[in-house]
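Participant: Have a look at the structure that comes next, please.
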Amino acid sequence: MTRDAGPTPPSDRIVSLDALRGFALLGILLINIWVFAMPETTLLNPTVYGDFTGANFWAWAFSHVFAQNKFITIFSALFGAGILLFIESKEEKGQPAVRLHYRRTAALIAIGLLHAYLLWYGDILVAYGLTALFLVTLRDLEAKQLAGLGGLFLLFVPAMELLAAVTLGGEAIAGQWAPAEAAIRQEVATYRGGWIGQLDHRVPSSFERQTTGFIGASFWQIGGTMLLGMALYRWGVLTGERSSAVYRRLVALGVVGLAITVAGVVYIEANDWSADAALFWRQFVYVGSFPLAGGYVGAVTLYARWRPDGIATRALAAVGRTAFTNYLLQTVIATTIFYGHGFGLFGSVNRVEQLGVVAAIWTVQVVLSVLWLRYFRFGPVEWVWRTLTYGEKQPMRNPE
């Protein structure tokens, strides 16, 4: 005889964890909006397209300093924690936890492939799923071992980039850092055109990210961050179980991350955004993101503890409980605004205006998430995911 085989009911959920997930999901859009609205290479080098002076520079600097690599770090850590949380929950209920994990992950990868090839090449779901297939084999490691292995994973990307920087210099990334003007114009024309034409860019870009990009970079960064998340889960940090002093120390650590990231902006500006300096600059962003992400974890957890029923906590938790749906909804809304099968504004919205679009999408997502969860147990995509995982239709509506 087993307990309820379905998903965790709302009454058993960890509010601070849901709030963190919602916070991270919303913050990710501050960076994703760049490649929804402009050519892909602007994610690496923001100077290659559009106005980069005055208010537009400061709009970029704000997002870069406070968001780039920070929110995805939190989201990845929470995903790693979610692997252990899922396994433990299923084992407690006497269910085949690992088999369900693999079914759950296979469904995630399938949805991610549809997302990447039909809607947007910047998909992270496939990378998350492929990484999760491997990381579940490490579930029995102790927290210190998980953290140590995570640290080793995270060293791989900066080590390779620094090696390239000292041996090859700017030539290592010259084609990506300063692509041909004709290629940029072609990408703009492609995404201002129809859905079929967009496949010319979306398909090869998605494939590259899921193959060489995954093996050479994202597996190590995502995997390392997920392993840290698994360790932080075991230590009770992500579930709000530690003392307030621990979270205050995390907030203080965030100041260090902020300083490192700002120093990186000063460095690349001083070097006139040269390709030779770029690989070194990327390390400021990479290293600074982890302590600043930790600062965000500390701040959100302290706030959720202080105001567990507050408007902000409940709003973030609602977005967090429907994060899968909201992640895909961001793509649907943004591609409708910017791509040619929608309003066709790709390449014509500056960075200040992009922040306005982000704020509008946030408003829509918070309102819809709160309203939806008044009537339903979880988001529509979450419902599909759980139904595929358990192999039977899940209850959708909240009990009366």
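Values quoted throughout were computed directly from the atomic coordinates according to the rules given, and no laboratory measurement underlies them. Remember, it's a predicted structure, so these values are computed and weren't measured experimentally. With ideal geometry, Cβ positions are generated from the backbone for all residues, glycine too; neighbour counts draw on all protein chains shown.
Participant: Need the C-alpha centroid separation for region 160-200 versus region 279-301, integer Å.
Facilitator: With region 160-200 and region 279-301 each reduced to a Cα centre, they are spaced 26 Å.
Participant: Name the long-range amide H neighbours of Gly340: under 5 Å, sequence gap of 5 or more, or other chain; modelled H, no Pro or chain starts.
Facilitator: The answer is Arg192, Gly193.
Participant: Return the calculated 222 nm mean residue ellipticity for the chain, to the nearest 500 deg cm²/dmol, obtained by summing -39500 (n - 2.57) across DSSP H runs with n ≥ 4 and dividing by the residue count.
Facilitator: The helix-only estimate for the chain comes to -24000 deg cm²/dmol at 222 nm.
Participant: Provide, for q = 0.15 Å⁻¹, the log10 of I(q)/I(0) from a solvent-free Debye sum over equal Cα point scatterers in region 105-206.
Facilitator: -0.93
Participant: What per residue convex hull volume, in Å³, do the alpha-carbon atoms of region 300-353 yield?
Facilitator: Enclosed volume per residue, from the Cα hull, is 110 Å³.
Participant: Report, by chain and number, residues whose modeled amide H sits under 5 Å from the one on Phe376, excluding near sequence neighbours (fewer than 5 apart, same chain).
Facilitator: Asn398
Participant: Follow-up. Spelling out what I want: for every residue of region 119-136, take phi, set θ = phi - 60°, compute 6.51 cos²θ - 1.76 cosθ + 1.60 (Karplus), and round to whole Hz; glycine and proline get x.
Facilitator: 10, 7, 5, x, 3, 10, 5, 5, 4, 4, x, 4, 5, 5, 4, 7, 5, 4
Participant: Then there is this: About its Cα centre, how strong a charge dipole does the chain have in debye, to the nearest 20, once Lys and Arg get +1 and Asp and Glu get -1 at the Cβ?
Facilitator: Taking the Cα centre of the chain as origin, the dipole is about 1340 debye.
Participant: Each residue of region 147-158 in order: what ³J(HN,Hα) in whole Hz does its phi give by Karplus 6.51 cos²θ - 1.76 cosθ + 1.60, θ = phi - 60°, with x for Gly and Pro?
Facilitator: 5, x, 5, x, x, 5, 4, 5, 6, 4, 5, x
Participant: So if R0 is 41 Å, what FRET efficiency would Glu392 and Phe66 give, r being the distance between their Cβ atoms, rounded to the nearest 0.05?
Facilitator: 0.45
Participant: Can you tell me the Rg and the Dmax, both Å, for the Cα atoms in region 247-400?
Facilitator: 20.1, 63
Participant: Straight-line reach from Lys90: which lysines have Cα under 27 Å away, leaving out those fewer than 8 places along the same chain?
Facilitator: Partners found: Lys144, Lys393.
Participant: Then there is this: Give the value in nm², to one decimal: projected area of the alpha carbon convex hull of region 326-400, averaged over all directions.
Facilitator: If you wrap the Cα atoms of region 326-400 in a convex hull and average its projections, you get 6.3 nm².
Participant: If the viscosity is 0.890 mPa s and the temperature 25 °C, what Stokes-Einstein diffusion coefficient in µm²/s follows for the chain when Rh is the Kirkwood radius over Cα pairs?
Facilitator: Rounded, D is 112 µm²/s.
Participant: If you don't mind, another one. Kindly put Arg209, Arg139 in sequence by how many other C-beta atoms sit within 10 Å of each C-beta, fewest to most.
Facilitator: Ranking Arg209, Arg139 by Cβ neighbours within 10 Å, fewest first, gives Arg139, Arg209.
Participant: Mind checking the angle between helix 244-270 and the chain's longest principal axis? C-alpha axes, 0 to 90 degrees, to the nearest 10.
Facilitator: It is inclined by approximately 20 degrees.
Participant: Further question on the same structure: With r defined as the distance between the Cβ atoms of Leu118 and Phe376 and R0 fixed at 25 Å, what FRET efficiency is calculated, to the nearest 0.05?
Facilitator: 0.50
Participant: Another one. Please list, in order along region 329-345, the HN-Hα scalar couplings obtained from phi with the Karplus expression 6.51 cos²θ - 1.76 cosθ + 1.60 (θ = phi - 60°), rounded to whole Hz, x for Gly and Pro.
Facilitator: Here the 3J(HN,Hα) series is 5, 4, 5, 4, 5, 5, 5, 5, 5, 9, 8, x, 7, x, 8, x, 8 Hz.
Participant: For region 260-390, give the magnitude of the charge dipole about the Cα centre (Cβ charges: +1 Lys/Arg, -1 Asp/Glu; no others), in debye to the nearest 20.
Facilitator: 720
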